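First comes the structure, then the notes that go with it.
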């Protein structure tokens, strides 16, 4: 000891982990065996303490064994040595109160320690004892040392079944739908519960039918994890959900059942790791997983009040649910849109339950509030990508609303902005606010995957064509455009009525209250650097806006004779239409309408001479044309309640 102190300085801490273990049946034990087992732990510690200055010592840590508390066949002498070691550690603390004394009674370790040397890990594992990995053991030691509130004696163990001498605190589990049949329960540490899903018990399942399968909604998966976490921790506040991953759907047969298994593990004072598995995959694969963090989130920030704002002319109940959105009655909370574009939307959402979520004899309490509102936060984004079905894949962080706060709100407004697109994957940030603009809930990094993609041929709900055109036209034109296709109000005829429709469409594109002025030649203008153009046809007003010189046109592809088209387009225009019809394999009336739409775009911007040429073929439905520095994109599709094809044309000039 003198040599140590000369080299390193005065000893202020001791970690005592010596031990000797020769498993022997009680009938074969003698005094010599007992003494050999006791010596390293008891005599060894006493020798070390005798060689140190107790007044300089500040920390004593002893490594004992859970066997001293639980016992084990063939280990009576080793159990005694560890029991006495804990008593000796406690006595040192009583004699010298200034010394922090910790007696850690470890379960078996894997990769190191007595169990590894004796070769008993496999047998102990079969008996239901989970060994402690070396990394976890070291991390636990650091955690204990860092905590000033750690008790003097600690049992450190993994799962250890059938230990009658170790009693864990008994807690009654709350009566919740997804906390049904406990499989593993270590209060405050770990909980695994099973719950059987059926259409009769889980009334929401028939309202979440996709391609003939009943799917557990992501919001109910989050509710299941939150219920299990609340049962484990006793914490009733809404957690922050982090690293939410929706890896595989949980599918329930319409006439069958699927058992989900929710496993939650406390990984800190305020964090719980959670996973959802199912019998459909033999409980061998994670379907959902997330981290739940119990910290009061900073809900700061406001948005403009939306309580008095008028909705866009889209009726979700009649036009979206069913044809576009597959969600059934309980999830149909979307009231309408205040703004809708390719890369974001503002939507008003009903915030009251529409029907019970579970059968009458099932517990009906929900930890996270109404799932219908939260599901609408996700499926309202569908209209931003109207040519595919969007399914949730992950959420970086979800600051959940306080159910006590949202319970007082009849409606909420979601403000969604697309952060990033990678192929068929879209990332959104979403704020959920009350009518006064106060932030209620925040979604960061909501990841949606596009599946069941369509070719754009329609028939389209007119209001959804705008976001589609806006996403696709950037591949053809030198400038990005904001595109709006607004159904005309009934009876909107005549110049003044058309200008009123133009004002509404441009206000949709650029913001409520945008004032549209008209030049003597009839071209619409707005204040600032933004250029606009508008067209009327097929019962809609088509408006585009951008920073370049822009133009647009919408026309129904009415059947005409070749001579009529030749007279309308001129010889060069008719030749171009014939070429496009041959290359696209489409009717001449559609190709000719494309050329006519391009001519209209150019004339709206003062091009007296129109010299059009075809660009290389694009995706189905699209044809690109050019005239000097102007590029024109044309798209042929069909609209609901319009029997003939409809052609949209959009133009933008290159910077001169």
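Compared with the dominant Cα axis of the chain, that is its longest principal axis, helix 134-146 is turned about 80°. Between the C-alpha center of the stretch 366-430 and that of the stretch 329-363 there is a gap of 10 Å.
Using Cα-Cα distances under 8 Å and only pairs 6 or more residues apart, what relative contact order does the chain have, in percent? Contact order relative to length: 8 percent. Taking the DSSP bridge list for the chain and keeping only pairs wholly inside it, about 85 percent are antiparallel. Each peptide among 558-564, 431-437, 77-83 gets the average number of other Cβ atoms lying within 10 Å of its residues, and from highest to lowest they stand as 77-83, 431-437, 558-564. With axes computed from alpha carbons, what is the tilt in degrees of helix 462-473 against the longest principal axis of the chain, rounded to the nearest 10 within 0 to 90? That helix lies at roughly 80 degrees to the long axis.
Stokes-Einstein diffusion coefficient for the stretch 181-293 at 25 °C in a medium of 0.890 mPa s, Rh from the Kirkwood formula over Cα pairs: what value in µm²/s? In µm²/s, the coefficient rounds to 173. Per-peptide packing, taken as the mean over residues of other Cβ atoms within 10 Å, places 367-374, 475-482 in the sequence 367-374, 475-482 from highest down. When peptides 401-408, 590-597 are ranked by their average number of other Cβ atoms within 10 Å per residue, the highest-first order is 590-597, 401-408.
Cα gyration tensor of the stretch 462-653, axes a ≥ b ≥ c as square roots of the eigenvalues: rounded (a/c below 1.5), prolate (a/b > b/c) or oblate? In terms of gyration-tensor shape, prolate.
Helices in the chain, meaning DSSP H runs of at least 4 residues, each add -39500 (n - 2.57). Divided by all residues, the mean residue ellipticity at 222 nm is -7500 deg cm²/dmol. Here the stretch 635-654 and the stretch 506-545 have alpha carbon centers that stand 18 Å from each other. Convert 20 °C to kelvin, take the viscosity as 1.002 mPa s, use the Kirkwood radius over C-alpha pairs of the chain as Rh, and evaluate the Stokes-Einstein diffusion coefficient in µm²/s, rounded to a whole number. Estimated diffusion coefficient is 71 µm²/s.
Computed from Cα positions, the angle between helix 562-584 and the longest principal axis of the chain comes to roughly 30 degrees.
The numbers here are math on the coordinates, done by the rules we state, and not lab data. As the structure is a prediction and not an experimental result, all values here were calculated from the model. Backbone-built Cβ (ideal geometry, glycine too); neighbour counts: all protein chains shown.
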